[in-house]
1. Looking only at region 83-103, which residues are more than 25 Å from Gln142 (Cα to Cα) and not aromatic (Phe, Trp, Tyr)?
2. Anything in region 49-63 that is farther than 15 Å from Tyr132 by Cβ and either among the charged types (D, E, K, R) or surrounded by 14 or more Cβ atoms within 10 Å (Cβ to Cβ) (or both)? List them, or say none.
3. Under 7 Å by Cβ, and 6 or more places apart or on different chains, what pairs join a residue from region 86-100 that is on the phi < 0 side of the Ramachandran plot with one that is of a type in the set (Phe, Trp, Tyr) and part of a strand (DSSP E or B)?
4. Would you check which residues across region 88-144 are open to solvent by less than 70 Å² (accessible area, probe 1.4 Å), hydroxyl-bearing (Ser, Thr, Tyr) and more than 30 Å from His77 (Cα to Cα) and list them?
5. Taking the residues in region 64-75 that are free of Cβ contacts under 8 Å to residues at least 40 places away in the same chain and either buried (at least 17 other Cβ atoms within 10 Å of the Cβ) or over 19 Å from Arg126 (Cα atoms) (or both) as candidates, determine which candidate is farthest from the chain's Cα centre (by Cα).
6. Of all residues in region 22-48, how many are touching an Asp or Glu at 6+ places or on another chain (Cβ under 6 Å) and buried (at least 16 other Cβ atoms within 10 Å of the Cβ)?
7. Going by the structure shown, is Leu18 at pLDDT below 95 and touching a strand residue (DSSP E or B) at 6+ places or on another chain (Cβ under 7 Å)?
8. In region 76-92, what residues are farther than 18 Å from Val125 by Cα and not small (Gly, Ala, Ser)?
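The values are calculated or read from the model by the stated rules, or taken from the named source; none is laboratory data. For clarity, every value in this text was computed on a predicted model and none was experimentally measured. Cβ sites come from the backbone with ideal geometry, for glycine too, and all protein chains shown count toward neighbours. Heads up: the accessible areas ignore ligands, DNA and RNA and are worked out on the full protein's heavy atoms, side chains in. Shrake-Rupley method; radii C 1.70, N 1.55, O 1.52, S 1.80 Å.
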Amino acid sequence: MKSVALRILSGTMLLAWLFLPAGCSTTETRKQERPEAFSQLTKEQQTAVMKGRIVEGMSEDAVYIALGNPLRKVKGHLDGKDTVSWIYGRLETYNYPAYHYSNRRLSDGTIVVTPEYFPQTDAYVRDSFVVYFVNGKVTGWQQL
């Protein structure tokens with residue numbers, strides 16, 4: 001029973017650790033990090049950014065303020081133009097069954113094997129959204 005509680009605690013700590021960096025950044029805090037970039041946006045873009053949305057023509061700074069840091073940035077070349085793709089992700093968890101077997105010796109020397117069931121939880125980051133840039137401006141996006 002101790003091992004089940006320990007595994008649940010360690011799984012909870014893992015999830016807290018993964019969410020901690022993301023929980024500290026909001027559109028408001030990112031706007032305060034880059035006030036000059038935010039002030040140069042059009043009113044339409046400012047409204048979209050504060051709602052966590054993007055529109056075509058936005059700068060990389062505007063997308064950062066709206067969505068935060070991507071998981072990764074990928075350079076490419078499309079239709080004769082150099083492109084940059086910002087890929088965002090989401091944390092997904094899944095459960096799978098697991099058994100722990102404990103052995104116990106009875107007074108008559110017989111060994112009894114007792115299975116204990118406890119589900120395991122694991123987490124991974126899955127790509128979920130990509131923003132495409134050409135010359136530092138948003139040209140499109142796609143939900144994955």
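1. Asn95, Pro97, Ala98, His100, Ser102, Asn103
2. The first filter runs over region 49-63 and keeps only residues farther than 15 Å from Tyr132 by Cβ, leaving 49-53, 61.
Selection gives Val49, Met50, Lys51, Arg53, Asp61.
3. Once the first residue is on the phi < 0 side of the Ramachandran plot and sits in region 86-100, its partners that are of a type in the set (Phe, Trp, Tyr) and part of a strand (DSSP E or B) give Tyr88/Phe129; Glu92/Tyr124; Pro97/Tyr117; Tyr99/Tyr117.
4. Answer for region 88-144, where residues must be open to solvent by less than 70 Å² (accessible area, probe 1.4 Å), hydroxyl-bearing (Ser, Thr, Tyr) and more than 30 Å from His77 (Cα to Cα): Ser102, Thr110, Thr114.
5. Lys75
6. Counting residues in region 22-48 that are touching an Asp or Glu at 6+ places or on another chain (Cβ under 6 Å) and buried (at least 16 other Cβ atoms within 10 Å of the Cβ) gives 1.
7. yes
8. Our first condition is that a residue be farther than 18 Å from Val125 by Cα; within region 76-92, this holds for 76-84.
Answer for region 76-92, where residues must be farther than 18 Å from Val125 by Cα and not small (Gly, Ala, Ser): His77, Leu78, Asp79, Lys81, Asp82, Thr83, Val84.
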